[in-house]
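Below you'll find the structure, written out as structure tokens, and then a few comments.
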Amino acid sequence: MFCSPRGVVTEIEVKVTRSDFIADRRKRKHETQLRGAGMIAQFYYALPTWLWQRCQDVWRPEGAGVITVGDRGPRDAYRPVEVVVPAVKRGDARRLDSAAVVKMQRLVMLRYWSRGL
């Protein structure tokens, strides 16, 4: 997740396997976002180009965008990144004030560290 200086939140969820991408169908957060509740203004999946080519007809939540990351370039110096499906901007997503941004950052870091990464 990242937050713009104006308090607008965009979520980017990274997927590296087909099964992980398809398993997202069971997540309730997509239903919540479609009903207009929450703080996420835009939602994207980021995945390798080859995976998107295999999954693009399988499933994608309404309004979700897709960012693809290409194969490695010479010496892994460059990977082409492309927004292949722009996310729908939700105008009803609430903007965060500075206290809410700090809280969001804290929760994201707690989740990161609790996974032992």
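Condition check ((1) surrounded by 11 or more Cβ atoms within 10 Å (Cβ to Cβ); (2) free of Cβ contacts under 8 Å to residues at least 24 places away in the same chain; (3) outside any helix (DSSP H, G or I); (4) of a type in the set (Val, Ile, Thr)) across all residues:
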position	(1), (2), (3), (4)
GLU62	no, no, yes, no
VAL66	yes, yes, yes, yes
TYR78	no, yes, yes, no
ARG95	yes, no, yes, no
MET104	yes, no, no, no
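Filter the stretch 4-39 down to the residues that are modelled with pLDDT of 85 or more, outside any helix (DSSP H, G or I) and not hydroxyl-bearing (Ser, Thr, Tyr) and list them by number.
PRO5, ARG6, GLY7, VAL8, VAL9, GLU11, ILE12, GLU13, VAL14, LYS15, VAL16
Report whether or not ARG60 is modelled with pLDDT under 80 and under 14 Å from the mean Cα position of the chain (by Cα). Working first, answer last.
Values: modelled with pLDDT under 80: yes; under 14 Å from the mean Cα position of the chain (by Cα): yes.
Criteria met by ARG60.
The values are calculated or read from the model by the stated rules, or taken from the named source; none is laboratory data. What you see is a predicted model, and the numbers here were worked out from it, not measured in a lab. Neighbour counts are summed over all protein chains in view; Cβ atoms, including those assigned to glycine, are modelled from backbone coordinates with ideal geometry.
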